[in-house]
Amino acid sequence: MISPRFFWLAVLIGLLGLFLVASCNQRPVAEAAAAPVEKPFTTVRIDITKEKGDGHGSGVSLGHGVFLTAGHVTEDATSLTVKTRAGKSGTAEVLWSNHAYDVSIIYVEALKDEPGSPMACAATTIGEDITIVGNPLNTEFATSWGRISSLEKTGLENLDGKGLWRSLVTMDATAAPGVSGGPIFDKDGEIVGILVSGAVSDRGTFGYSYMVPSTAICRLLGRA
């Protein structure tokens, strides 16, 4: 028999999916001179406890206590604590995660009144201005800027080398550890993706990074 608690969590995921699908619309091409903004401030820090050691990542509020982050941020975590810029915090539980897309949704009862950012369900365009907000290394809630560098593509290896990302968009912005799961905003403050990796190789780090586009996330939640 399904417990009432998990029943309502399933209902919450379903309603979230319907909300995102209903909000999908065609976005106008971004103007090059427009400065990207985030409104309101919805990025969070996620402190992670794992058997192999502690760490942290980033995420973004969708409202009603629901937060979006990268799947590898929550994977194998024994505990997750979400902290807002204002210093509020609460323990999170994973509602849903998709390894192939590296996307995870978590819920924090203590932060259910926090504002959320809308998600754009239409594709970004090459050259579009973006804002990245996250928690790189020992710095909290840092902002960087860049532009979209590619259309949606597939085929890069996951961080654990066990599979492929099903959907990625390249950005000309450097990503540091701790920013994984952080939101990518367009000039209107809408979420157009979440950061999942920087461009790295045996020769070092390059000035590019990768996001899972919101178009893919909207498609996934539309099936929930």
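Beta carbons closer than 6 Å, at least 6 apart along the sequence or on distinct chains, pair a first residue in region 166-195 that is within 15 Å of Leu137 (Cβ to Cβ) and of a type outside the set (Ser, Thr, Tyr) with a second that is at pLDDT below 90 and part of a strand (DSSP E or B) for Ala175/Gly198.
The condition (being under 20 Å from Cys218 (Cα atoms) and within 15 Å of the chain's Cα centre (by Cα)) is satisfied by just one residue among Val44, Val73: Val73. For region 120-151, a tally of residues being assigned to a strand (DSSP E or B), of a type in the set (Ser, Thr, Tyr) and buried (at least 20 other Cβ atoms within 10 Å of the Cβ) returns 1. Only residues that are hydroxyl-bearing (Ser, Thr, Tyr) and more than 15 Å from the chain's Cα centre (by Cα) were counted in region 85-137, giving 4.
Annotation note: Cβ proximity below 6 Å between a residue of region 55-73 that is under 16 Å from Val192 (Cβ atoms) and a residue that is in a strand (DSSP E or B) and hydroxyl-bearing (Ser, Thr, Tyr) (sequence gap 6+ or interchain) occurs for Gly59/Thr69; Val60/Thr43; Thr69/Ser104.
Residues in region 79-107 that are closer than 14 Å to Thr42 by Cα and either in a strand (DSSP E or B) or hydrophobic (A, V, I, L, M, F, W, C) (or both): Val82, Lys83, Ala86, Ser89. Kindly list, by first and then second residue, each pair from a residue in region 200-220 that is closer than 20 Å to His72 by Cβ and surrounded by fewer than 22 Cβ atoms within 10 Å (Cβ to Cβ) to a residue that is acidic (Asp, Glu) and modelled with pLDDT of 90 or more, limited to pairs with Cβ atoms under 8 Å and residues at least 6 apart or on different chains. Listed pairs, sorted by first residue: Tyr208/Asp172. On the basis of being modelled with pLDDT under 55 and either under 26 Å from Ile126 (Cα atoms) or not in a loop (DSSP other than H, G, I, E, B) (or both), does Val60 make the cut? No; evaluated as a whole, the condition is false for this residue.
The values are calculated or read from the model by the stated rules, or taken from the named source; none is laboratory data. All of these numbers come straight from a predicted model, not from anything done at the bench. Virtual Cβ from ideal backbone geometry, glycine too; neighbours counted across all protein chains shown.
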